[in-house]
Amino acid sequence: MLDSRWPLIAGASLLLAGAPALADDPERLEADLRAMFGGHGSFELGEVSGALLRRRATAEDLVFETDEGERLRLARYIVKGDYDSPDEVILEGLRLEDGLTELPLMSAERIVLGEPSRAVFPLDGDLAPEEVRIGSLAIDDIVIDMASELAEELFQGAAFREGGGRLTIARVRGESLSRDAIGMLEITEVAGTGQDLGDLGAGSFTLGSLRLEGLAGLEGAGEETLELLAIRDIDIASDRLVATLAELDLDGDFSDGIGGLSLDGIRLDLARMIELAPEQERAQLRMASKVLTDGSGELRLDATFLGDWEEEGGRSILRSNSRVTVHEALRLLIDIELPVVLPDGVSPEAVFSDADLLEAATLLGGEIHLTLADQGLFGRLATLGAAMEGVTEAQYLEQVRTQAQGFGMLFGPQVQAVLTGLVDLMAGAAEELEVGITLPAESNLETWAGDPMALPDKLSLSVETR
C-alpha cells in the first residue's frame, strides 16, 4: 500500500530538486539591477532575498543617483513567479528627487507589471521591439513636479519650469503594452496646478478619466492608428481658458464601416475669460460674447462628426454626417454621400483617417446637404452690424441685401441665392437655410482645386429657406 505521506514527500522532493534554480533568482535580480543602473550613475542596494514556497525574489532599499544629480529611491523591487517569465514585477515606494534639495520630482505608491517579458528592463532600451511586452499595468498614486524634466517628456517638450506646479494621478491601468502598440490604457482622477501650464497660462485643471484602446504604429512616424479614445469630465480654470468638457468619444476604427468623433457638454466661461484678458481687448471681446451667448457670457457647444462606408457594385459609398450646435446661437448640419472609385491599394477606412487620399479618387457624382438653423445668432448680428454702421437695422439689412446681389452678379445666381438666404436669416424672414449640392460624375477633387472659380457652374445647387 502506498504511504499516505507520499504526496507530501513527492512535493518536497520536487521543491528540493528545483531549489538550486530558485536560489539563483535573488542573485540574478541583484545582477540585473546593478547592470541596469550601474553604467548610468552611482547605485546602492539593500537586502536581496528569495522565497521558495511562493517563488519570489525581492530587492529592498534601492538608491540610484544619476550623473545629472537626480536621485531615484525604491523601497522594494519584487519579481514573482518564474524569473525568466515572471507573473508580476512590483515596484513599491518609488520616489525621484533632486539630489541636492531632496525635493520630490515624481513619486508613485505602487507599480505592478503583469506578465512582463523580462524581470528587469534595461534603462537604455537596448532591446528588440518583440522583447518588450507587458500583459497588464497598474500604477497608483502618482505625483509629478511640473517643473521637472520628466514633466517635459510627458507633455512632449512643454516647459513648465518657470511656473512650477504639481500633477497628481490617482490610477493608471493598462493591458497588452509593447513598444509599438497599446491594447488599452486608462488614466483616472488627474489634477494639475501651476503658474505656467503652457498654452493655458496659470491655473488648474482636472480630468475625470482618459481611456484609449487599440493604439498601434508607435514605432513608425506618422503611422499611428487608434481604435477608441474616451475622455470624461475635463475642467480647466486658467488665465487664458475657463472651460469644461463632459464627454469626448473618438471611434477611429472604420474597419467595421462606421466611426467618428462626438463632443458633448463643452462650456466656455467667456465672461470670466474676458475679465482675465488684457484691458484693451475687453470691449471687443464683450461685444463678441454678447453676440454668441445673448449676453449670458457662457458659450455651450455640442458636436458630432460621424462617417460610414460600404462597398456596392465595385465602388465605395462614403458618408459623413456632422452636427454642430452652439446653444442660443445656431445649429449646423452637414450630410455628405459620395460614391467613389478609390485608387488601387486604398481602402475606404483609410480615407477617413487621411482625407488627402480622396483627392486621387474618382467621384461618381454625390450629394452634399447643408442646413443652417438660426437660434438667435443672425438676429444679433444684424443688430451689431447696424450699431457699428450707425444706421437702423432696416437700413443695414438693405445694405447687405444689395451686397449679396452684387456678389451674385460676379459669381452667379447660385451664390446670390445662398447669400440672400443668409440675409433672410438676419432679417428674421427665415429660420433655416438649406443648401443642396449635386456633384458631377466622373470628376475628382484635384480638377476642382485647379479652378475653384468655375465651381458654381460645375455644381448643381439648390437653395431653400424656411
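Per-structure values
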| item | result |
| --- | --- |
| Tilt relative to the chain, helix 377-389 - C-alpha long axis, 0 to 90 degrees, to 10 | 60 degrees |
| C-alpha long axis of helix 6-38 to longest principal axis of the chain, angle in ° | 60 degrees |
| With Cα atoms, 0 to 90° folded angle of helix 413-427 axis to the chain main axis | 80 degrees |
| Per residue solvent-accessible surface (Å²) - the chain, probe of 1.4 Å | 55 Å² |
| Given charges at Cβ of Lys, Arg, Asp, Glu: the chain dipole, positive-most of Ser347, Leu461, Ser49 | Leu461 |
| Of (i) -0.60, -0.98, -1.19; (ii) -0.41, -0.85, -1.20; (iii) -0.35, -0.73, -1.06, the label for log10 I(q)/I(0) by the Debye sum over Cα atoms at q = 0.07, 0.10, 0.12 Å⁻¹ derived from the coordinates | (i) |
| CD proxy at 222 nm, helix term only [per DSSP H run n ≥ 4: -39500 (n - 2.57); per residue of the chain; nearest 500] | -8500 deg cm²/dmol |
| Percent accessible area from carbon and sulfur atoms, the chain, protein chains only, probe 1.4 Å | 53 percent |
| Selection from Ala191, Phe305, Gly252 lying farthest towards where the dipole of the chain points positive, charges on Cβ | Ala191 |
| Dipole moment magnitude, nearest 20 debye, the chain about Cα centre, only Lys, Arg, Asp, Glu C-beta charged | 1100 debye |
| Cα centroid separation, the stretch 337-366 to the stretch 233-279 (Å) | 30 Å |
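The values are calculated or read from the model by the stated rules, or taken from the named source; none is laboratory data. The shown structure was predicted, so the numbers you read here are calculated from the model rather than taken from an experiment. Here Cβ is always computed from backbone atoms with ideal geometry, including for glycine, and neighbour counts include all displayed protein chains. Ligands, DNA and RNA are excluded from the accessible area calculation, which covers all protein heavy atoms including side chains. Shrake-Rupley method; radii C 1.70, N 1.55, O 1.52, S 1.80 Å.
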